[in-house]
């Protein structure tokens with residue numbers, strides 16, 4: 001048998017013990033390296049997050065917060081909102097806005113507003129949560145919170161048609177004295193207008209406010225605050241399609257009256273005021289949409305000075321509700 005080269009080793013015949021493929025898998029790796037902006041610990045991720053917040057503020061939409069190492073999550077549609085700033089928090093608590101928690105910054109500089117906010121929260125049974133400033137910044141999307149933030153839970157909207165149907169049934173059975181009275185909003189997006197309208201509906205014995213599901217204002221923290229607590233008494237119902245709900249209300253015997261500057265009926269001559277009524281108000285700029293206008297039984301105008309082009313939605317509704325209330329009271333007195 002010939003000898004092999006010095007130092008050479010002879011291969012054994014037959015199977016040998018291998019790595020089981022582990023070496024090959026190690027070479028393949030764990031996939032492509034994530035982009036820097038997708039790695040939560042990288043400064044590029046923070047820059048992307050801040051850019052998204054800035055873009056969201058410019059478009060008026062809530063910003064998205066990516067979950068980071070601290071486990072934070074952003075607010076999505078229908079999630080809790082935060083009332084921020086000392087004056088705003090105190091006003092919201094005074095108005096009885098429902099809240100889940102009052103967040104107070106660690107080592108906050110105490111003043112009368114902070115003391116009152118803490119006192120009102122304690123009296124209402126609202127938990128007090130102490131938070132570091134960075135955490136408050138994150139929860140409020142970097143709003144100016146002054147060390148105070150009130151967490152408001154999402155509003156539970158009843159169905160618009162069901163609310164109208166139940167109200168009509170109660171009226172027919174004599175459980176409520178006044179004929180059903182609703183206000184529907186067509187294209188209104190300012191929460192302060194909604195809050196003011198809720199307040200007026202409450203003041204003049206209305207039964208509810210109806211808002212469309214899309215392209216419309218909802219019950220935000222600002223709307224709660226502007227309503228001055230009236231939102232606790234007046235339901236705000238959602239209509240998947242406003243025109244469909246208005247048709248259904250007409251079938252229930254509710255007259256649909258649109259408020260517009262060039263109406264065919266003047267508000268002081270509103271004969272239908274004593275009947276079940278739904279007042280529909282549009283935005284100050286666009287007014288009532290064409291389809292909604294066509295559905296109205298009457299278009300009602302409010303006489304105003306010719307130098308004044310129009311009234312904002314909240315004021316128009318308040319004046320109209322006052323007139324309806326006055327005419328109903330006069331009819332009862334006869």
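List of remarks:
- Spherically averaged projected area of the convex hull of Cα atoms, the range 78-154: 4.5 nm².
- Peptides 126-133, 156-163 ordered by average Cβ neighbours within 10 Å, highest first: 156-163, 126-133
- A protection proxy built from the mean count of other Cβ atoms within 10 Å ranks the segments 244-251, 181-188, most packed first, as 181-188, 244-251.
- Compared with the alpha-carbon gap, the fully stretched path from residue 312 to residue 80 is longer by 80.7 nm at 0.36 nm per residue.
- Ranked by how many other Cβ atoms sit within 10 Å of their own Cβ, fewest first, the residues 175, 145 fall in the order 175, 145.
- Remark: the residue 326-residue 176 segment gains 52.2 nm on full extension, using 0.36 nm per residue and subtracting the alpha carbon distance.
- Ascending count of other beta-carbon atoms within 10 Å, so fewest first, for 278, 168, 296: 168, 296, 278
- Annotation: Cα Rg of the range 176-334 relative to the compact-globule expectation 2.2 N^0.38 Å equals 0.96.
- Straightening the chain between residue 143 and residue 205 buys 18.7 nm, computed as 0.36 nm per residue apart minus the Cα-Cα spacing.
- Of 109, 116, 284, 81, the sequence from fewest to most neighbouring Cβ atoms within 10 angstrom is 109, 116, 284, 81.
Just so you know, all these numbers are worked out from the coordinates, no wet-lab data involved. Model, not experiment: these values are computed from the prediction. Don't worry about glycine lacking a Cβ; one is built from the backbone with ideal geometry, like all the others, and counts go over all protein chains shown.
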